[in-house]
Amino acid sequence: IALKEHLTQEGYLDTKDVLEIIDIFYNIIKTESNTVKIQDPVVVVGDIHGQFYDLLKILDKGGDPLKTKYIFLGDYVDRGAFSIECVLLLMAIKINFKTTVYMLRGNHECRQLTSFFNFKQECEVKYDLNVYNRIMEAFDALPLACTINDKFLALHGGISPQIKLINDLNKFSRFV
C-alpha cells in the first residue's frame, strides 16, 4: 500500500530499491511454468500500456489481491507515460500475492517494441539503462499463457499454428 500511494503521488524510488523489486519478482516468476493453471473466480485484465491511473481503478474495482485472483495478460508498458510505475506496482503486488496474482508476457514485453515505443526512453529518463535491461530480463521470464479451470486458455495474442496442444507451450524455453 505504501508503494501504491508513493507512486500515485508521482514519487520515485531509489534505483537500488527498484533493482531489488525486479530481482525478487524475477526469482518468483522464473519458477512458474510457461502455462499457469488457475481456478475461477478470477479477474482477467488486458493491456495496461502505461496507464497507471487506469491500473489503480482496475485494482480498486476488481478487489483486494488478498481475496481476488488476477491474471494480467501482458502489455504493461509503452504508449502511456507511467509504464515504469505500472511495472513496479504490478511486480510489488506479485511479490506480496504470489498465489493470487499472475502476469503473462504480451508482445510489448520485448526489446524491439519497448525500444520503438517509449518504455526504454522512459526508463532512461526516470532511472537508467540498467533498470531497463533488468526489467527486460524479468519480462523474458514471464509465463506465456494461463488455463482457467483447465477449460479456458488465456494469453495475450495469437499463437503459432505449430502449437497444437497446450503442452506444446511448455516444451520450449521462454527465457529469451
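The values are calculated or read from the model by the stated rules, or taken from the named source; none is laboratory data. Please read these numbers as outputs of a predicted model, since none were measured by experiment. Backbone-built Cβ (ideal geometry, glycine too); neighbour counts: all protein chains shown. Areas reflect the complete protein model, heavy atoms only, side chains present, ligands, DNA and RNA absent. Shrake-Rupley method; radii C 1.70, N 1.55, O 1.52, S 1.80 Å.
At-a-glance table
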item	result
Degrees between helix 52-62 axis and first principal axis of the chain (Cα, 0 to 90, nearest 10)	50 degrees
Distance in nm between pseudo-label sites at SER173 and LEU113 (7 Å out along the Cβ direction from Cα)	2.3 nm
Average Cα contact separation per residue, segment 42-97, under 8 Å, 6 or more apart, as relative contact order %	47 percent
Theoretical gain in end-to-end length, ASN149 to ASP60 [0.36 nm per residue, Cα-Cα removed]	29.6 nm
Top of TYR127, TYR70, TYR102 by mean-square fluctuation, Gaussian network on the chain, Cα under 10 Å	TYR127
Top positive-direction residue, dipole computed over the chain with Cβ charges, set ASN27, ASN130, VAL43	VAL43
Given LYS37/LYS57; LYS16/LYS171; LYS37/LYS126; LYS4/LYS126; LYS57/LYS126, the pairs whose alpha carbons are separated by over 28 Å	LYS16/LYS171; LYS37/LYS126
Qualifying trypsin sites (Lys or Arg not before Pro) for segment 93-126 [loop in DSSP, other Cβ within 10 Å: at most 16]	LYS98
Eligible aspartates and glutamates near LYS69 by straight Cα distance, threshold 19 Å, same-chain separation 8 or greater	GLU32, ASP40, ASP47, ASP54, ASP60, ASP150
Ranked order, TYR26, TYR132 - accessible area, probe 1.4 Å, largest first	TYR26, TYR132
Separation in nanometres of the label points that stand 7 Å from Cα toward Cβ, at ILE95 and THR8	1.9 nm
Point-charge dipole on Cβ atoms (K/R +1, D/E -1) for the chain, about Cα centre, debye to 20	640 debye
Solvent exposure of the chain as accessible area per residue, Å², 1.4 Å probe	51 Å²
VAL43 long-range amide H proximity, modeled H, under 5 Å	LYS69, TYR70, ILE71
Angle between the chain longest axis and helix 129-140 axis [Cα atoms, degrees, rounded to 10]	10 degrees
For segment 104-114, 3J(HN,Hα) per residue [Karplus equation, 6.51 cos²θ - 1.76 cosθ + 1.60, θ = phi - 60°, Hz, x = Gly/Pro]	10, 8, x, 6, 7, 8, 9, 5, 4, 6, 5
Residue of ILE48, ILE163, ILE148 that the Gaussian network model of the chain assigns the largest fluctuation, springs spanning Cα pairs under 10 Å	ILE163
Between segment 122-161 and segment 101-120, the Cα center-to-center distance that results, in Å	7 Å
Accessible area, probe 1.4 Å, largest first, for residues VAL18, VAL176	VAL176, VAL18
Residue with peak Gaussian network fluctuation, the chain [Cα springs, cutoff 10 Å], from ASN149, ASN96, ASN118	ASN149
Listed values [x] 49, 39, 28; [y] 50, 41, 37; [z] 44, 35, 26, entry calculated as Cα extents along the principal axes in Å	[z]
Ranking by accessible area, most exposed first, for PHE116, PHE139 with a 1.4 Å probe	PHE116, PHE139
Accessible-area value, SER160, 1.4 Å probe, nucleic acids and ligands omitted, Å²	50 Å²
